[in-house]
Amino acid sequence: MSQTPLNQIAVKIPSISELVDDSDAQYKDNAFMVLLNQDPPEKWLEAHPTVKTKDAKGNSVPLKFLPISRVEYLLSRIFTKWWVEIKDVKLIANSLVTTVRVYVKNPTNGEIEWNDGVGASPLQIKKEGNGSIDFSNMQSAAVQMAAPSSESYAIKDAAEKWGKLFGKDLGRKDAIDYSSLLKDQPATIEDLEELARECAKKGVVLNDQELADYNRVIKNKEVKTYRSIQAMLQSKLN
């Protein structure tokens, strides 16, 4: 079967309205990202028994963390469908180290996504040694306790990569605000008409394609396209 030469393939140049398009799908993605990057409820957090950090006043305080039970609840509540694949388990020094891959089904587009995580848990010993592993010095249930614990830490590590809601920024002094990704109110036809009047007042001229897009959207009341037309008009005014 013959193929069309590359130099004969027609290439469609996008209009400015397409370049600045803020579609429903993009809006849902942004809204979902905002949800994932909210701070976890304070009442869900627990104080670490040994690890300390500095508060805003410089005082040493226990590190706050999100327990695995809450992480698994969020995975089930937000993604509904999720599962874990254990990629590797090894002994490093006196600790079991587990690597996992956590899969989820993205509720906004139905696609399967995944993050890897690593967790470690020390093997309990009867008495302090020289730091090297001594199987005769281990507690009888050391591996039984360390294995699931290292897996839990690995799951938490993977889940944190989805956002602050899973405990990503706990203990960090600097944090990013993701709320700007989500516009407060959807565009209305009045917003578009006001922007069009502002363009006319400032002598801004739309090209034929932009004008046709604007008139079609206004005439047919294409609500789902209001946001892209709003962005196009605002770009003209900037």
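The values are calculated or read from the model by the stated rules, or taken from the named source; none is laboratory data. Fair warning: this is a prediction, and the values are worked out from it, not measured in the lab. Here the Cβ is made from the backbone with ideal geometry for all residues, glycine too, and neighbour counts use every protein chain on show.
Here is a yes/no grid of residues against (1) modelled with pLDDT of 90 or more; (2) among the small types (Gly, Ala, Ser); (3) in a loop (DSSP other than H, G, I, E, B):
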| position | (1), (2), (3) |
| --- | --- |
| Met145 | no, no, no |
| Glu151 | yes, no, no |
| Ala158 | yes, yes, no |
| Trp162 | yes, no, yes |
| Asp174 | no, no, yes |
| Gln185 | no, no, yes |
| Glu190 | no, no, no |
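Pull out all pairs, ordered by first then second residue, where Cβ-Cβ is under 6 Å, the residues are six or more apart or on different chains, the first lies in the range 107-123 and is in a strand (DSSP E or B), and the second is of a type in the set (D, E, K, R). The qualifying pairs are Ile112/Lys105; Trp114/Arg101; Asn115/Lys161; Asp116/Arg101; Gly117/Asp157; Val118/Asp157; Gly119/Asp157. Inclusion of Gly203 among residues that are exposed (fewer than 12 other Cβ atoms within 10 Å of the Cβ), at pLDDT 85 or above and out of contact with any His (no Cβ under 9 Å at 6 or more places or on another chain) is warranted.
Note on the range 30-62: among residues that are in contact with a Leu (Cβ under 9 Å, 6 or more places away or on another chain) and in a helix (DSSP H, G or I), the one that is modelled with the highest pLDDT is Trp44.
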